[in-house]
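Have a look at the structure below before the remarks.
The values are calculated or read from the model by the stated rules, or taken from the named source; none is laboratory data. What you see is a predicted model; the values in this text were computed from it and never measured. Note: ideal-geometry Cβ built from the backbone for every residue, glycine included; neighbour counts use all protein chains shown. Quick note on the areas: whole protein, heavy atoms, side chains included, nothing else; ligands and nucleic acids left out. Shrake-Rupley method; radii C 1.70, N 1.55, O 1.52, S 1.80 Å.
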Amino acid sequence: GGSWGVRAWYVPLRTAAAQAREMLVSAAAARLGVDAASLVARDGAVHHEASGRRLAFGELARDASLLPVPSSPKLK
């Protein structure tokens, strides 16, 4: 497949990443007791800019895995 692998799987991989991001943000929102819209996922963590709090993806992975997978996540 060579470089065709990236071309063929580009959209499915973007979708999977967006689903994971939304699930991690949802898990962080529940744990921090804030609205998910106030959170940003970057640099391996979910950040709440207003309070300066952050949770690493690893801290959220278990909680996120229990959430339903979004069917139409927002792609970056």
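Results, tabulated for the structure shown:
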{"read-out": "Protein accessible area in the chain, 1.4 Å probe - carbon and sulfur %", "value": "60 percent"}
{"read-out": "Surface accessible to a 1.4 Å probe, per residue, for the residues of the chain, Å²", "value": "67 Å²"}
{"read-out": "The chain: proportion of alpha-carbon pairs further apart than 16 angstrom, %", "value": "52 percent"}
{"read-out": "Using a Förster distance of 22 Å, the FRET efficiency for Lys74-Trp4 (Cβ separation, nearest 0.05)", "value": "0.20"}
{"read-out": "Per-residue [θ]222 nm for the chain (sum of -39500 (n - 2.57) over DSSP H runs n ≥ 4, rounded to 500)", "value": "-17000 deg cm²/dmol"}
{"read-out": "Accessible surface, 1.4 Å probe, highest first, among residues Leu60, Leu24, Leu13, Leu67", "value": "Leu13, Leu67, Leu24, Leu60"}
